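Heads up, the thing below is written out as structure tokens.
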Amino acid sequence: METPLTTSRSVVAAPLRCWVPRGVYAPQTDTRLLRRALYREAITERTDVLDLGTGSGVLAVEAARLGGRVTAVDISWRAVAATWFNALLNGQNLRVRHGDLASAVPGRRFDLVVANPPYVPAEDETPPVGAARSWDAGPDGRLLIDRICDSATTFLRPTGALLLVHSHLCGVDATLARLAGAGLRAEVVDRTRLPFGRVLRSRLGWLREQGLTADGTTEELVVIRAEHI
């Protein structure tokens with residue numbers, strides 16, 4: 001699947017082209033919301049950017065087109081391949097690394113970190129496999145979110161910022177509190193509401209049993225921005 005993605009910044013004229021192979025997370029509403037926040041950041045040729053869990057690599061490519069020095073990381077080899085190909089497809093240079101979150105770039109710190117981790121609550125407590133690894137995140141949806149929050153100060157420079165997107169279903173206040181506990185100042189900088197997609201509709205009964213949804217029809221996505229206090 002190849003999808004053209006447009007952008008609102010005048011400095012990037014051509015639509016971004018994106019190839020998404022089977023098993024790799026395709027750009028969706030959360031991607032677009034995070035990209036909107038990305039474009040509000042002052043990215044220059046001296047900005048070191050890290051895309052954690054890059055998926056198809058579209059956000060990494062966007063950051064590179066803005067001039068950033070970008071490193072993209074994913075634990076999926078298919079995602080690594082897709083990111084490398086999409087960078088080539090759009091004429092951008094990226095560092096693409098295979099690995100588990102920031103462990104793929106040990107000791108490095110960045111000016112801007114973007115992350116669109118899996119955040120969908122899942123009944124099965126065993127680690128997800130296959131395509132579900134892109135969205136399933138344990139019973140509370142925080143399998144990777146908590147790890148990112150707890151380790152953020154280890155990969156952010158003193159003046160760096162983290163942009164993290166996820167659903168209200170896995171606890172916006174919990175993320176703000178977790179980041180504050182790690183010594184970061186965090187706030188919601190963007191949000192949108194959309195109807196439940198296929199995955200959430202398929203587990204609606206379980207979500208209601210867990211008290212994670214009341215109306216069972218809509219989901220709110222938020223972007224949280226965090227920086228050192």
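The values are calculated or read from the model by the stated rules, or taken from the named source; none is laboratory data. Everything numeric in this text was worked out from a predicted model, so none of it was measured. No Cβ is skipped: glycine too gets one built from the backbone with ideal geometry, and neighbour counts run over all protein chains shown. Side chains included, ligands, DNA and RNA excluded: accessible areas come from the protein's heavy atoms. Shrake-Rupley method; radii C 1.70, N 1.55, O 1.52, S 1.80 Å.
Identify all residues within region 174-227 that are polar (S, T, N, Q) and open to solvent by 50 Å² or more (accessible area, probe 1.4 Å); write none if there are none.
S202, Q210, T217
Is it the case that L50 is modelled with pLDDT under 95 and in contact with a strand residue (DSSP E or B) (Cβ under 6 Å, 6 or more places away or on another chain)?
For L50, the condition - modelled with pLDDT under 95 and in contact with a strand residue (DSSP E or B) (Cβ under 6 Å, 6 or more places away or on another chain) - is not met.
Looking at this structure, is R46 of a type in the set (K, R) and buried (at least 17 other Cβ atoms within 10 Å of the Cβ)?
no
Checking the conditions here, which among A122, A115 is small (G, A, S), open to solvent by less than 20 Å² (accessible area, probe 1.4 Å) and in contact with a Leu (Cβ under 6 Å, 6 or more places away or on another chain)?
Testing whether each residue is small (G, A, S), open to solvent by less than 20 Å² (accessible area, probe 1.4 Å) and in contact with a Leu (Cβ under 6 Å, 6 or more places away or on another chain) leaves just A115.
Across region 150-166, what is the number of residues that are touching a helix residue (DSSP H, G or I) at 6+ places or on another chain (Cβ under 8 Å) and over 12 Å from L52 (Cβ atoms)?
Residues meeting the conditions: 3.
What pairs can you find where one residue is in region 8-24 and under 15 Å from I43 (Cβ atoms) and in a strand (DSSP E or B), the other is modelled with pLDDT under 50 and of a type in the set (D, E, K, R), and their Cβ atoms are less than 8 Å apart, with a gap of 6+ or different chains?
Partner pairs satisfying both residue conditions: none exist.
Can you tell me which residues in region 73-111 are farther than 27 Å from G197 by Cα and in a strand (DSSP E or B)?
R95, V96, R97, H98, F110, D111
Check G53, G57 and return the single one that is closer than 28 Å to A174 by Cα and open to solvent by less than 20 Å² (accessible area, probe 1.4 Å).
Exactly one of G53, G57 is closer than 28 Å to A174 by Cα and open to solvent by less than 20 Å² (accessible area, probe 1.4 Å), namely G57.
May I ask you to verify whether S151 is among the hydroxyl-bearing types (S, T, Y) and within 19 Å of R32 (Cα to Cα)?
No: the conditions fail for S151.
Tell me yes or no: at least one residue of region 131-139 is open to solvent by less than 40 Å² (accessible area, probe 1.4 Å), modelled with pLDDT under 90 and under 9 Å from P117 (Cα atoms).
Among the residues of region 131-139, at least one is open to solvent by less than 40 Å² (accessible area, probe 1.4 Å), modelled with pLDDT under 90 and under 9 Å from P117 (Cα atoms), which makes the answer yes.
So which residues in region 162-211 are aliphatic (A, V, I, L, M) and free of Cβ contacts under 8 Å to residues at least 60 places away in the same chain?
L169, V172, A174, L176, A177, L179, A180, A182, L184, A186, V188, L204
Report, by residue number, each residue of region 112-155 that is of a type in the set (S, T, N, Q) and not in a loop (DSSP other than H, G, I, E, B).
Selection gives S134, S151, T153, T154.
Can you list residue pairs whose Cβ atoms sit under 8 Å apart, with the first residue in region 117-132 being within 20 Å of H168 (Cα to Cα) and the second being open to solvent by 40 Å² or more (accessible area, probe 1.4 Å) and polar (S, T, N, Q)? Count only pairs 6 or more apart in sequence or on different chains.
Listed by first residue and then by second, the contacts come to P121/Q210.
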